[in-house]
Amino acid sequence: MAIVNVTPDSFSDGGRYSGSVETAIAHAMSCIRDGAAIVDIGGESTRPGAVEVSAAEEQDRVLPVIERLAAETDALISIDTYRAETARLAVAAGAHIVNDVHGLQREPEIANVVARTGAGICIMHTGRGREQEKRADLVADQEFFLTESLKIARAAGIPEEAVILDPGFGFAKNRDEDVELMARFAELHRLGFPLLAGTSRKRFTGSVTGRDKPDERDVGTAATTVILRLAGAAIFRVHNVAVNRDALAMADAVLAAAEAHAAKRGS
């Protein structure tokens, strides 16, 4: 899943692709050529401290890009929004997936939009703006929050095969929590859904590697991609598609070799 931010203030590429629809489309098509299967379009920065934009401004940013992209590629298109109306308009414009960083809990009506349109839904864990008390155990908190989100999804009639879960690396989590979440990532499989990894250029990768600038964190990101693929992650939301595709090729080769070895031992 390639990240295409059409915002002036995203933490990594703020303003780079927000100048025109053509600039955003050119970047998206470049990501697809590099091997992206999904393009995630966002019109509001989710970095800590970012200024919230209006629904109208968000829609003005993303809808023309989605419409053009839907006409020019068969790649899946994801809309990165927590707003029900933006999600509805984006799917009407050609988006296939709704990526909600508030896990359906900020505007629960978004779940009804997903159910009515037949879109896929990525439900992310976050600690931002939550009323619930944070659980002391990291995975227990994941399970508590995501279980609540899944209740909303089921009540709206979203089929389980349309759901992807995202543990929300970097969202109201410090460096140690992000690293622990990576170490315990496999525990999240007991929730029973495919898992998305969104570690790309996040602050904790810079903290671990000593890279202050986000665009210098692609090697660290690729390391997290390998670790999380070996732990069973299915989708990787990244800025640099080519580097992470190479990392995934190595991880998948190791997984295939391990599977072949296990099959030999069992025969």
- Simple SL model, points at 7 angstrom along Cα→Cβ for R135 and D252; separation in nm is 3.3
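Given a Förster distance of 35 angstrom, what is the FRET efficiency for K151 paired with A71, based on the Cβ-Cβ distance and rounded to 0.05?
Details: r = 37 Å, r/R0 = 1.05.
E between K151 and A71, to the nearest 0.05, is 0.40.
Give me S45, S149, S200, S54 sorted ascending by neighbouring Cβ count inside 10 Å, so fewest comes first. Display every interim value, and only then the final one.
Numbers: S45 18, S149 23, S200 26, S54 10.
In order of increasing Cβ crowding within 10 Å: S54, S45, S149, S200.
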- Item | Pair R128, A260: separation of 7 Å Cα→Cβ label points (nm) | 4.4
- Query: Hey, can you list the DSSP H helices of the chain whose Cα span along the axis is 24 Å or longer and whose average Kyte-Doolittle score is at least -1.0?
  - Reply: 55-72, 138-156, 241-266
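Sort 237-244, 20-27 by packing, meaning the average of other beta carbons within 10 Å per residue, with the highest value first. Each step should come with its number before you reach the end.
Values: 237-244: 21.9, 20-27: 16.5.
Most protected by this proxy first, the peptides run 237-244, 20-27.
Mind giving me the FRET efficiency for A37 and D212? R0 is 35 Å, r the Cβ-Cβ distance, nearest 0.05 is fine. Each step should come with its number before you reach the end.
On the way: r = 31 Å, r/R0 = 0.89.
E(calc), rounded to 0.05, equals 0.65.
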- Within the set D218, D246, D40, GNM on the chain using Cα springs under 10 Å gives the largest fluctuation to D246
- lysines with Cα under 17 Å of K173, excluding same-chain neighbours fewer than 8 positions away: K134, K202
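Just so you know, all these numbers are worked out from the coordinates, no wet-lab data involved. Note that the structure is predicted; figures quoted are calculated from it, not measured. FYI the Cβ positions are ideal-geometry reconstructions off the backbone, even for glycines, and counts take in every protein chain you see.
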